[in-house]
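Undergrad: Below: one structure in C-alpha cells.
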Amino acid sequence: MKRALFPGSFDPITLGHQDIILRGIKLFDEIVVAVGINAEKKYMFSLEERIEFIKKSFEDEPKVKVVSYEGLTVDFCKKVGAQFILRGLRNPADFEFEKAIAHTNRKLSEIETVFLLTSSRTSYISSSIVRDVIRNKGNYSVLVPDSVKMH
Ligand code: ADP
C-alpha cells in the first residue's frame, strides 16, 4: 500500500491544498493529511477547527485521512507507515525551502518526498494571505473549500 503524508499547518486549508490532495489521490492509495502542532506558532484557527475543515471537505473520500502530529515529520511517517511525503510547490522560494527539508529528511530516513507543482489557478493562494483577507473582512470564500467557515 502506497501511503503519503501531506504535512502542513493548514491554517486554514485552501483551494491550493485541496488541489494537491485531489491530485495526490491519483498517485497514492492513501493520503494522510497531517496537521502540525508547533508550540512556537500562533494559529488563527484551533487544531480542532483546522482538522474539522479538512475532514469536512474530504468526507466523501475514503482515501484521505486527517490526523494531528508533533515532532519530526519522518518519525511520524514511520509511525503511520507512510513511505512518502507529499508537498506542493508554488514558486522558487517554496522550492529552495522544500529542497533543504527534503534533503534533510532523506538523510534521516528512507522516506521520499514527492512534489507536485501547483495548478496555475491556485498557485497564488497561501494560508497567510487567506488569514489576512479574513482579518480584514474580505471575501475569503473564493480562496478556500466551502467547509472553511468563520466562527
Ligand atoms: P507549512 O506551514 O508546512 O508551510 P502549509 O499549510 O502552509 O504548511 O502548506 C502545506 C503544504 O501545502 C506545503 O507543501 C505547501 O507548499 C503546500 N501549499 C500551500 N499553498 C499551496 C497552494 N496554493 N497550492 C499548492 N500547494 C500549496
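The values are calculated or read from the model by the stated rules, or taken from the named source; none is laboratory data. All values reported here derive from a predicted model rather than from experimental measurement. A quick note on method: Cβ atoms are made from the backbone with ideal geometry, for glycine too, and the neighbour counts reach across all protein chains shown. Accessible surface is based on the protein model in full, side chains and every heavy atom, while ligands, DNA and RNA are left aside. Shrake-Rupley method; radii C 1.70, N 1.55, O 1.52, S 1.80 Å.
Undergrad: Using only Cα atoms, locate the centre of region 41-69 and the centre of region 104-151, then give the distance between them in Å, rounded to an integer.
TA: Distance between centres, Cα-based: 13 Å.
Undergrad: Ok, one more. On a 1.4 Å probe surface of the protein chains, which of 117, 89 comes out largest in accessible area, and what is the full order? Display every interim value, and only then the final one.
TA: Values: 117 120, 89 20 Å².
Largest to smallest exposure gives the sequence 117, 89.
Undergrad: With only alpha-carbon atoms in the gyration tensor, what are the semi-axes of the equivalent ellipsoid for region 85-131, in Å, largest first? Can you show the working numbers first?
TA: Values: eigenvalues 107, 23, 17 Å².
Whole-Å semi-axes of the equivalent ellipsoid: 23, 11, 9.
Undergrad: For region 3-149, what does the accessible surface come to per residue with a 1.4 Å probe? Please give it in Å². Don't skip to the end; give the middle numbers.
TA: On the way: 8170 Å² over 147 residues.
The answer is 56 Å² per residue.
Undergrad: In debye, nearest 20: dipole of region 1-111 around its Cα centre with unit charges on the Cβ of K, R (+) and D, E (-)?
TA: Details: 18 positive and 17 negative charges, 72 e Å.
That gives region 1-111 a dipole magnitude of about 340 debye.
Undergrad: How would you order 93-105, 70-82, 11-23 from highest to lowest mean count of nearby Cβ atoms within 10 Å?
TA: 11-23, 70-82, 93-105
Undergrad: Another one. Keeping the other protein chains in place, figure out the carbon and sulfur percent of the accessible area of region 3-149, with a 1.4 Å probe.
TA: Values: 4410 of 8170 Å².
Result for region 3-149: 54 percent of the exposed heavy-atom area is carbon or sulfur.
Undergrad: Along the positive direction of the dipole of the chain (beta-carbon charges: Lys, Arg +1; Asp, Glu -1; about the Cα centre), which of 66, 7, 97 reaches farthest?
TA: Working it through, the farthest residue towards the positive pole turns out to be 97.
Undergrad: By how many nm would the segment from residue 75 to residue 103 grow when fully extended, if each residue of separation counts as 0.36 nm and the alpha-carbon distance is taken off? All intermediate terms of the calculation are to be shown ahead of the outcome.
TA: On the way: separation 28, 0.36 × 28 = 10.08 nm, distance 1.52 nm.
This chain segment gains 8.6 nm when fully extended.
Undergrad: How many nm is it between the label spots at residue 59 and residue 120, if each spot is 7 Å from the Cα in line with the beta carbon?
TA: 3.5 nm
Undergrad: Could you tell me the accessible area of residue 108 in Å² (1.4 Å probe, neighbours in place), rounded to the nearest ten?
TA: Taking all protein chains as shown, residue 108 has close to 90 Å².
Undergrad: Can you give the helix-only mean residue ellipticity at 222 nm for the chain, where every DSSP H stretch with n ≥ 4 adds -39500 (n - 2.57) and the sum goes over all residues, rounded to the nearest 500 deg cm²/dmol? Can you show the working numbers first?
TA: Working: 5 runs with 56 residues, N = 151.
Taking each H run of at least 4 residues, the total per residue is -11500 deg cm²/dmol.
Undergrad: Let me ask another. For a quick check of your reading of the filter: which trypsin sites (Lys or Arg not before Pro) in region 104-143 sit in a DSSP loop and have no more than 14 other Cβ atoms within 10 Å?
TA: On the way: sites: 106, 107, 121, 131, 135, 137; in loops: 121, 137.
Listed in order of number, the matching sites are 121, 137.
Undergrad: Across 5 Å bins from the origin, how do the percents of Cα pairs in region 3-149 run, short distances first?
TA: 2, 9, 19, 23, 23, 15, 6, 2, 0
Undergrad: Same structure, new question: Please report the accessible area of residue 146 (heavy atoms, 1.4 Å probe, ligands and nucleic acids excluded) in Å², nearest 10.
TA: 130 Å²
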